[in-house]
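Working notes, beginning with the structure itself.
The values are calculated or read from the model by the stated rules, or taken from the named source; none is laboratory data. Note that the structure is predicted; figures quoted are calculated from it, not measured. Because the Cβ atoms are built from the backbone with ideal geometry, glycine has one as well, and the counts that use them run over all protein chains shown. These area figures cover heavy atoms from the full protein model, side chains too; ligands, DNA and RNA do not enter into them. Shrake-Rupley method; radii C 1.70, N 1.55, O 1.52, S 1.80 Å.
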Amino acid sequence: LGLTDTSMGIEVNSTNNRSIFVTVMAWIFISLSGFGTMISILQNIMIQTMFKGPEMEKVLQAPPPPGAPPFAAFMASHFQLFFLAFLIVSVLTLASSIGLLKRKNWARLLFVGLMVLGIAWNLGSLILQLTMFSSMQDSFANAPGAPNMKPFMIGIAVVSVIFALGFSGLFGWIAKRLLSSAVVAEFKQ
């Protein structure tokens with residue numbers, strides 16, 4: 001038997017006042033972040049074992065190619081930090097997803113923060129992608145005998161914009177639902 005909150009359309013199980021939305025979101029993100037955490041642990045082990053040594057240090061110390069965007073140069077010299085950050089975010093998402101399932105308020109707030117971080121990441125990475133695409137387009141245009149890559153780059157840019165805006169909208173919607181009064185009331189029991 002389910003009740004429906006007409007203000008947000010949230011179904012609530014009448015026996016324990018737990019919304020289906022929170023339960024489903026928790027299980028989806030437990031699955032995704034659990035898998036992401038496992039992959040990230042393996043990536044960090046690989047980076048710490050395979051990318052250590054004098055040969056790799058020499059390659060990583062090399063100056064960036066001329067005309068490379070500053071972000072690309074930063075990522076090339078600090079890529080270990082990127083993978084470590086991904087591991088931290090994956091573990092935080094897994095912990096907050098389990099906390100959501102148990103209806104812990106700290107987990108709801110952390111999850112909302114992670115959704116906001118996801119929005120910022122998507123929009124920021126979209127700007128970086130477009131910057132790198134323009135740099136790559138200039139490189140292709142200046143190369144003798146290179147094919148015209150402009151249509152390909154435009155196609156990638158359009159798909160990137162669609163995905164970034166789509167995921168940003170989804171993350172915003174999830175955060176808004178988790179901040180709704182009906183969901184907040186679940187976490188105060």
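Using Cα atoms only, what is the angle between the long axis of helix 79-101 and the major principal axis of the chain, expressed in degrees (0 to 90) to the nearest 10? Long axis of 79-101 versus the principal axis of the chain: about 10 degrees.
Please state the shape class of the range 42-108: rounded when a/c is under 1.5, otherwise prolate if a/b exceeds b/c and oblate if not, all from the C-alpha gyration tensor.
Values: a/c = 6.24, a/b = 2.25, b/c = 2.77.
Verdict is oblate for the range 42-108.
Based on protein heavy atoms only, the range 36-174 ends up with 63 Å² per residue of surface accessible to a 1.4 Å probe.
Per the 1.4 Å probe, what fraction of the accessible area of the chain, in percent, lies on carbon and sulfur atoms? Kindly include the intermediate steps, with their values, before the conclusion.
Values: 8700 of 11790 Å².
Roughly 74 percent, rounded to a whole number.
Output needed for the range 44-179: three equivalent-ellipsoid semi-axes, defined as square roots of 5 times the C-alpha gyration tensor eigenvalues, in descending order, whole Å. Provide the component values of the computation, followed by the final result.
Values: eigenvalues 239, 115, 19 Å².
Taking √(5λ) for each eigenvalue gives 35, 24, 10 Å, largest first.
Rounded to the nearest 0.05, what FRET efficiency do residue 105 and residue 75 give with R0 = 25 Å and r taken as the Cβ-Cβ distance? Could you check?
0.10
Mind pulling the angle between the C-alpha long axis of helix 150-178 and the longest principal axis of the chain? Nearest 10 degrees, somewhere in 0 to 90. Helix 150-178 and the main axis of the chain meet at about 20 degrees. A probe of 1.4 angstrom, applied to the heavy atoms of all protein chains, finds residue 181 with accessible area near 90 square angstrom.
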